[in-house]
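*Asks:* Following this message is one structure expressed as C-alpha cells.
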C-alpha cells in the first residue's frame, strides 16, 4: 500500500443516502468526473490509510457524487465514516493545466512575491513599475481556492496570519511555473 505522505485529500464523506451503504461524497480538489473509478480511495482509520474500491459512482451536481464502496454495506458503516476525509494517491490525480482548467488549476499552487525594498534610496528615483525578478522572492502561502467574481477573479491564499483574498489580475502576475506549481505575483500593498 502507498505511503500516507503520497496521498492527497480530494473529498469528504458528507452523509448517508439510504440504508444500504450508499453515501454522498463532497469533492474539493478535483471534480467528481476526474476520479479514476479503477483505483482505490483511502479513508484513515486509527492513523492508517485503508483502501476501498468504488462499486458505484453517480455524479450529483458539480462537486458531489453518490458513492458505494467495497465493505461499506449499511447505514451503520456509513455513520462510521461520515465526516472523514477521502484520499487518493497523488499519482492518480488528474493533470490540471491553466489552458484547459483556467485559474481553478492554481488551487494547491504556491504563491510567491518579490521582496519590496522598504525605502527608496536617495540616489534612486521612485519606480512605480513592477520590480524585476532579480531580488529575493518569498513565499506568501498556498492557494486554497479560486473565486470567479465577474470582472474581478480572486484567489484565496492561506498565509501564516490566515486566509487572504487576492485579485488575480494579469497585470499583477510576474511569472507562472507549472512544473513547480508556483506563481509569482506583485501583491498590492495592504492586502497581506
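*Asks:* List the strands (runs of 3 or more DSSP E) inside region 148-192, counting only whole elements, that have at least 1 residues being under 14 Å from residue 110 (Cα atoms) and more than 15 Å from the chain's Cα centre (by Cα).
*Replies:* 162-167, 173-177, 182-185
Conditions (1) buried (at least 16 other Cβ atoms within 10 Å of the Cβ); (2) under 22 Å from residue 145 (Cβ atoms), marked per residue:
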position	(1), (2)
19	no, no
27	yes, yes
32	yes, yes
37	no, no
41	yes, no
56	no, no
59	no, yes
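*Asks:* I would also like to ask the following. Quick one: count up the residues across region 2-23 that are in a loop (DSSP other than H, G, I, E, B) and in contact with a strand residue (DSSP E or B) (Cβ under 7 Å, 6 or more places away or on another chain).
*Replies:* The qualifying residues number 4.
*Asks:* Continuing with the same structure: Need the failing condition index for residue 63 against (1) within 22 Å of the chain's Cα centre (by Cα); (2) surrounded by 15 or more Cβ atoms within 10 Å (Cβ to Cβ); (3) under 16 Å from residue 9 (Cα atoms), just the number.
*Replies:* Among (1) within 22 Å of the chain's Cα centre (by Cα); (2) surrounded by 15 or more Cβ atoms within 10 Å (Cβ to Cβ); (3) under 16 Å from residue 9 (Cα atoms), the lone unmet condition for residue 63 is (2).
*Asks:* I've got another one for you. State whether the residues of region 128-135 include one that is more than 22 Å from the chain's Cα centre (by Cα), modelled with pLDDT of 90 or more and exposed (fewer than 15 other Cβ atoms within 10 Å of the Cβ).
*Replies:* The first filter runs over region 128-135 and keeps only residues more than 22 Å from the chain's Cα centre (by Cα), leaving 128-135.
Adding the requirement that they be modelled with pLDDT of 90 or more leaves none.
Checked against the condition, which is being more than 22 Å from the chain's Cα centre (by Cα), modelled with pLDDT of 90 or more and exposed (fewer than 15 other Cβ atoms within 10 Å of the Cβ), region 128-135 yields no hits at all.
The values are calculated or read from the model by the stated rules, or taken from the named source; none is laboratory data. If you're wondering where the values come from, they're calculated on a predicted model, not measured in any experiment. Methodologically, a virtual Cβ is constructed for each residue, glycine included, from the backbone with ideal geometry; neighbour enumeration extends over all protein chains shown.
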